[in-house]
Amino acid sequence: PGPRRGAVRLRALWALHAVGQADQIAPSLLDDGDPSVRSWSVQLACEVGRPSPAFLDRLTTMARNDHSPIVRLALASAVQRL
């Protein structure tokens, strides 16, 4: 059931991104237990304009503390776009 729930959250995030509403939920998904959900939240939040200072602070904290290589790759990619 665990991986399936992560897939459902990812599909919801992608659907919200498709209609321009991912910024409403992406910050809350940065603490998700699934690294794929966290990494996609970072990626999608940084694709549309410049994130808020609070969001950037959260990304800095994630860069220091998140041990997932998937999330770290998303953060490194996001930094290049910012």
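Things to note:
- Residue match in region 37-58 (condition: surrounded by 19 or more Cβ atoms within 10 Å (Cβ to Cβ), modelled with pLDDT of 90 or more and among the acidic types (Asp, Glu)): no
- Test: residue in region 63-73 that is surrounded by 12 or more Cβ atoms within 10 Å (Cβ to Cβ) and at pLDDT below 90: no
The values are calculated or read from the model by the stated rules, or taken from the named source; none is laboratory data. This structure is a prediction, so every number in the text was calculated from the model and none was measured. So basically every Cβ, Gly included, is an ideal-geometry build from the backbone, and we count neighbours across all protein chains shown.
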